[in-house]
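Readers should treat all values here as calculations from the given coordinates under stated rules, not as data from a laboratory. Computed from a prediction, not measured in an experiment: that's the story for all the values here. Positions of Cβ are generated from backbone atoms using ideal geometry, with glycine treated the same way; all protein chains shown enter the neighbour counts.
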């Protein structure tokens, strides 16, 4: 994608551009396509991150791609077909299931190349759910965010492993760099979060939902009574006030409500990581990647992660962090205690090892370059 006279036109489709890893990946690939003299188009129902797509050089088209019913999917296919023809689209890159069905239909009608990113370990708890999910395995090349997801795709959908390219998500090592965090950024967050002076801070970033394990962490903190740990849950409850209230009641029952902070979304995650004595990933379902685990390691913070899904690949137990059985508060508490008990020398050594692995394997630039290579492979027919 280097010759401007033969600019590739890449259309990414996803439900919306509000928040999340899929949305961030869309913006990062928009930047990569335009940086390689391509034309980057994005279709979604819109949201606050449309401006970020446009800053990255992309053009956004607003379509009702959050709709999942068959009639809406069919109508969106016709809309996407018209977009593809009007803009001479070379490749459609689908990032979510309902938009992917519409995009797949549009690509069949137009003969356009179709690529997918299989972003999650999609549930199959309802009839026909596997068929619904299977569209994400219909790409000429299917991008998987981890080896865990690649193996899941082969097992569920029986496609040849040669069609699957594992491309981990990445972080910007300049943004997530301990050397670039000014003290005033950390001080602002510490004031906003009302952090107690001198108390160890354990942070779990992620939207507030039960499977992300906030309750597991609260139970673990109760096992650490001797350390007076402050537990900070960073993320939106997305209007689920009942769940937030239940977490507070849980902390009250355990006698640690004064050490719990529900701080909502954070606009400065690098500073939030630097405030953390330990960053926790406590998900009770497998994560397709788990970006916050890698972000924390890029910041050189001790990480404790649930031992399932992609963190098995991204956290080297005892070297760059700890892995513990999912849903086990006692094991989580023991690992947090071990992290807090590190000597200064031990903490520095772990920090250096963790950041080195991120710089080697998990950067945005590596993810962008690998995705552009997928596009070129598809266009070459291989």
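Taken along its three principal axes, the alpha carbon spread of the chain comes to 65, 44, 37 Å, from the longest extent down to the shortest.
Treat the count of other C-beta atoms within 10 Å as a stand-in for reagent exposure and order 322, 74, 211, 104 from fewest to most.
Placing the least packed residue first, the sequence is 74, 211, 104, 322.
Sorting 177-187, 256-266, 84-94, 26-36 by their mean Cβ neighbour count within 10 Å, with the most densely packed peptide first, gives 26-36, 84-94, 256-266, 177-187.
Hey, fewest Cβ within 10 Å first, where do 287, 376 land in order? Walk me through the intermediate numbers first.
Working: 287 28, 376 15.
Sorted ascending by nearby Cβ count, the order is 376, 287.
Calculate, in nm to one decimal, what residue 369 and residue 109 gain on full extension: separation in residues at 0.36 nm each, minus their alpha carbon distance. Spell out each step's value before the answer.
Numbers: separation 260, 0.36 × 260 = 93.60 nm, distance 2.92 nm.
Here the segment from residue 369 to residue 109 would lengthen by 90.7 nm.
Against the chain, whose longest principal axis is taken from its Cα atoms, helix 241-254 shows a tilt of about 20°. Taking Rh as the Kirkwood radius computed over C-alpha pairs, what is the Stokes-Einstein D of region 184-277 at 25 °C in a medium of viscosity 0.890 mPa s, expressed in µm² per second? The estimated diffusion coefficient comes to 184 µm²/s. Against the chain, whose longest principal axis comes from its Cα atoms, helix 344-361 is set at around 0 degrees.
From the gyration tensor of the Cα coordinates in region 250-358, what semi-axes in whole Å does the equivalent ellipsoid have, largest first, with each one equal to sqrt(5λ)? Please report the intermediate quantities before stating the final value.
Values: eigenvalues 89, 55, 48 Å².
After diagonalising the Cα gyration tensor, the semi-axes are 21, 17, 15 Å.
Take the alpha-carbon centre of region 148-176, take the same for region 84-123, and report the distance between them in whole Å. Going from one Cα centre to the other spans 17 Å. Relative to the longest principal Cα axis of the chain, at what angle does helix 364-380 sit, 0 to 90 degrees, rounded to 10? Once rounded, the angle reads 20 degrees. Just report the Cα centroid separation between region 30-57 and region 233-310, whole Å. When both Cα centres are located, 29 Å separates them.
Given the DSSP H assignment, sum -39500 (n - 2.57) over each helix run of at least 4 residues in the chain and divide by its residue total; what's the result at 222 nm in deg cm²/dmol, nearest 500?
Values: 15 runs with 169 residues, N = 382.
Helix-only estimate at 222 nm: -13500 deg cm²/dmol.
Each of 116, 371, 19 has some number of other Cβ atoms within 10 Å of its Cβ, and from fewest to most they run 19, 371, 116.
Which values of log₁₀ I(q)/I(0), to two decimal places, follow from the Debye formula for region 44-110 at q = 0.13, 0.22, 0.26 Å⁻¹ with a uniform point scatterer at every Cα? Normalising to I(0) and taking log10 leaves -0.35, -0.96, -1.22.
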